[in-house]
Amino acid sequence: MSMIGKHLPEFRADYYQNGELKQLTDKDVLGKWAIFFFYPADFSFVCPTELADLADHYDEIQQLDCEVYSVSTDSHFVHKAWADASESIRKVKYKMIGDPAGVLTRYFDVMTEEDGMAQRGAFIIDPQGIIQGIEITADGIGRNAAELVRKLEAAQFVAEHGDQVCPARWKRGDKTLTPGADLIGHI
């Protein structure tokens, strides 16, 4: 079943951010764009490269009125220990949600039950809490934060301009398409 169009569930979760341990609910997420960025585990191999890449794009993402929430089945305490130990993770400024019971991980259908870890899944969620974009890759395949930003910009453009769509490799400022009979067979 596709996750596109599904609504963010009600939840309460603990997170680590900038040296502090706090709690978050679904209500805190609503009202602006969000990226939920699931990854398998702290203190691992591909994961720190992805989180550091996302951290490098965090200011740009925030300028797009979007917040980032990284999620793994590690606890928020482990996230803090990882940030204390890793130079790559120390530069992460977005919220790092601990999901040790796997509630969010299962809801977003990225739980690998055999090992209790999340798959690599990124979800773009609109301000109303509706999932607009998904990317899921196998464990060994790291994601590209610049491409995630491009998809966020496209989702925001389509939300604002409902009569237009973004073609392949579209970037902000590029030409869009207005679907209609006149385009059939002419693209």
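Things worth noting here:
- A search for C-beta distances below 6 Å between a residue of the stretch 117-138 that is touching a residue at least 12 places away in the same chain (Cβ under 8 Å) and any residue that is charged (D, E, K, R) and part of a strand (DSSP E or B), counting only pairs 6+ apart in sequence or on different chains, returns 122/135; 137/120.
- Taking the stretch 1-112 as the region of interest, the strands (runs of 3 or more DSSP E) fully inside it that hold 1 or more residues being closer than 18 Å to residue 132 by Cα are 33-38, 66-72.
- Any pair with Cβ under 9 angstrom, 6 or more apart, that starts in the stretch 152-169 at a residue that is surrounded by fewer than 11 Cβ atoms within 10 Å (Cβ to Cβ) and ends at one that is in a loop (DSSP other than H, G, I, E, B) and among the hydroxyl-bearing types (Ser, Thr, Tyr): 163/178
Coordinate-derived values only; no laboratory data. If you're wondering where the values come from, they're calculated on a predicted model, not measured in any experiment. Virtual Cβ from ideal backbone geometry, glycine too; neighbours counted across all protein chains shown.
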